1. Apply the a/c threshold of 1.5 to the C-alpha gyration tensor of segment 1-153 and tell me whether it is rounded, prolate or oblate.
2. Quick one: what are the phi-derived ³J(HN,Hα) couplings along segment 103-116, Karplus 6.51/-1.76/1.60 with θ = phi - 60°, whole Hz, x for glycine and proline?
3. Among Arg127, Arg35, Arg117, which one moves the most in a GNM of the chain with springs linking Cα atoms closer than 10 Å?
4. Pop the C-beta distance of Val181 and Asp224 into the FRET formula with R0 = 41 Å and round what comes out to the nearest 0.05.
5. Give me a comma-separated list of calculated 3J(HN,Hα) values for segment 289-304, in order, Karplus coefficients 6.51, -1.76, 1.60 applied at θ = phi - 60°, integers in Hz, x for any Gly or Pro.
6. State to the nearest 20 debye the size of the charge dipole of segment 101-276 about its Cα centre, where the only charges are +1 on K and R beta carbons and -1 on D and E beta carbons.
7. Want the number for Glu286 to Ala122: 0.36 nm per residue separation, take away the alpha-carbon distance, what's left?
8. With n ≥ 4 as the cut-off for DSSP H runs, can you work out [θ] at 222 nm for the chain, using -39500 (n - 2.57) per run divided by the number of residues, rounded to the nearest 500?
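Values in this text are rule-based calculations from the coordinates and carry no lab data. Bear in mind the structure is a predicted one, so any value in this text is a computation, not a measurement. Ideal geometry is used to build each Cβ from the backbone, glycine not excepted, and the neighbour counts take in all protein chains shown.
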Amino acid sequence: MTRTGTILRVPPFSQQLHDAVGASYDALDLPEEGRADFLTAHGSEVVAIVCSNSGRVDADLIAALPNLAMIANQGVGYDNIDVPAALARGIAVSHTPDVLDAAVAETALGLLIATRRRFVAADRFIRDGHWADGSFPLTGQVSGSQVGVLGLGRIGRTIAGLLEALGCEVSYHSRHEVPGVPYAYHQTAVGLADAVDNLIVIVPGGPATAGLVDRPVLDALGPDGVLVNVARGSVVDEDALLAALTDARLGAAGLDVFADEPHVPKALVALDNVVLLPHVGSATEETRAAMRTLTLDNLAAWLAGEPLLTPIPEMSRDQ
């Protein structure tokens, strides 16, 4: 059974994905302004949405599209989509797992090393002309340290493998113990933080993990600890993190994600014990091309009446 209809592009996403959808399908762009009029005029035409992690597909948008039956999300995470609202309508939802594991793992390891070794501060030390005045202060190191991985899914296991190569002792916390892995399991996030030197956060976003890394977790990690977040900004209590860094209750942090992107608190930017990245965890040419291809392949499969290549896990549980 072949399906036809208009594909709605929900911004923002890359020009390449935008053009690829437009080249193959009858496509429209959801405007920033005048959405109500646009949806009144075109809502009934739309059968599928293509979006990225930054494109919000909420319950109101879903309700305004009476013939919507598929959402193709470019991203492994999909907390930008109101999944319960979609599933209640029987709408199929795809995402792009696996293809970005290596890139995000690289980002996590790079952030951990840059933060623990203070590479950004060392770069600034030279640029500001301070080397002639004396040596840069000694730092800690990652190799041989104890590292906790908060969330041992596909990306978490890839990160753990990189850490093992550095001789790190890896332990983890997830909702459930993962069978067949050689890492120590901790029942709580606080317990994990208390046992390690460095904590890498890579759990899914959404209500279930909002504020998971709170003051007790940060205090357990301690004044010599380093927090790295490559998950979602919502997972870390940003106010608690800022207070812990300011009060020296936490040693340092490496952050790729924030609570209100692209807005980063000025107080956080002003701190010397943080390394900040603009949500570039999967932002390599190779990875984004693979994510784009998988997004388009899911859309094409659905339009052809075939099963999705990578449906979100909730679809399987819902059946």
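1. Working: a/c = 3.36, a/b = 2.40, b/c = 1.40.
Note, shape of segment 1-153 comes out prolate.
2. 5, 5, 5, 4, 4, 4, 5, x, 5, 4, 5, 4, 6, 5
3. Arg127
4. Values: r = 27 Å, r/R0 = 0.65.
It comes out at approximately 0.95.
5. Result, ordered by residue: 5, 5, 5, 4, 4, 5, 4, 5, 5, 5, 4, 5, 4, 5, 5, 7 Hz.
6. Details: 12 positive and 21 negative charges, 47 e Å.
That gives segment 101-276 a dipole magnitude of about 220 debye.
7. Numbers: separation 164, 0.36 × 164 = 59.04 nm, distance 2.98 nm.
Taking Glu286 through Ala122 to full extension adds about 56.1 nm, to one decimal.
8. Value at 222 nm, helices only: -10500 deg cm²/dmol.
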